[in-house]
Each structure stands twice: as structure tokens, then as C-alpha cells.
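Everything on this sheet refers to the single structure shown next.
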Amino acid sequence: MSELGRMIWENVTAIGDEEKEECIHCGKEWYRTHHNDGVCRRCQKQGLPGRTELAEKKLLFKWVVFIGIAVLCLLVFLVILG
Ligand SMILES: [Zn+2]
């Protein structure tokens, strides 16, 4: 194979080797460049949240639960004392 031929071949196989990633919503495999934060373009158009946004929401939910429990404990404490 000529030098030019080898270079073209290497580029073609490199494109094929590009890593694929599963969409976190529909599970469809796409090339990583089609994804934004783990979400494929189709799901992005539907306005579905990315990996980071989901993680932030989970963290917020944990805090809400934690504060809820804390308030509940305080109320029980006040009732027992009162
Ligand atoms: Zn998707």
C-alpha cells in the first residue's frame, strides 16, 4: 500500500473506532460527538435533562428529604417537651 493509501486507510478506520455512547434516556447508541451530557440529539430536542442536571436534581431531592426529616424530628421533640 502506498503512503497516501495508508494514511487514508488509517483515517477511515479511526472514524470507525470513534467511541459510542448510550443515551441515558432512550438507550440508543450514538457516536459520542452526537451526545451532549449523555443525551442524544433526539432527546435533547425533547428537552430532556443531561447527566449533570439529573445529578443536581437528585442532590436537591436528598436535601429536601433531609430538611423534611429534620423539621419532623424538631416537631416531635417539641410535642414531647410541650
Ligand atoms: Zn436519546
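The values are calculated or read from the model by the stated rules, or taken from the named source; none is laboratory data. Everything quoted here is computed from the prediction, not taken from an experiment. Methodologically, a virtual Cβ is constructed for each residue, glycine included, from the backbone with ideal geometry; neighbour enumeration extends over all protein chains shown. For the accessible areas, the whole protein counts, side chains as well, though only heavy atoms, and no ligand, DNA or RNA atoms are used. Shrake-Rupley method; radii C 1.70, N 1.55, O 1.52, S 1.80 Å.
With the dipole of the chain worked out from charges on the C-beta (+1 for Lys and Arg, -1 for Asp and Glu) around the Cα centre, which of Val65, His35, Gly5 lies farthest toward the positive end?
Val65
Grab the Cα-Cα distance for Glu29 and Val65, subtract it from 0.36 nm times how many residues apart they are, and report the gain in nm with one decimal.
The Glu29-Val65 span can extend by a further 9.5 nm.
How much accessible area does Lys57 have with a 1.4 Å probe, in Å² rounded to the nearest 10?
The accessible area of Lys57 comes to roughly 120 Å².
At 1.4 Å probe size, with no ligands or nucleic acids counted, give the accessible surface of Glu22 in Å², nearest ten.
Glu22 exposes around 110 Å² with every protein chain in place.
Fully extended, how many nm does the chain gain between Leu72 and Glu22 (0.36 nm per residue separation, minus their Cα-Cα distance)?
Additional length available on full extension: 13.9 nm.
When ligands, DNA and RNA are left out and all protein chains stay put, how many square angstrom of accessible area per residue does the chain have with a 1.4 Å probe?
Computed with neighbouring chains in place, this is 88 Å² per residue.
Got a sec? Which residues in the range 20-50 would a label at Glu56 touch, if it sits 7 Å along Cα→Cβ and we count backbone N under 12 Å?
Inside the label zone: 49-50.
Residue farthest toward the positive end of the dipole of the chain, with Cβ of Lys/Arg at +1 and Asp/Glu at -1: which of Cys26, Gln44, Leu81?
Highest projection toward the positive end goes to Leu81.
Please give the per residue volume of the convex hull enclosing the alpha carbon atoms of the chain, rounded to a whole number of Å³.
114
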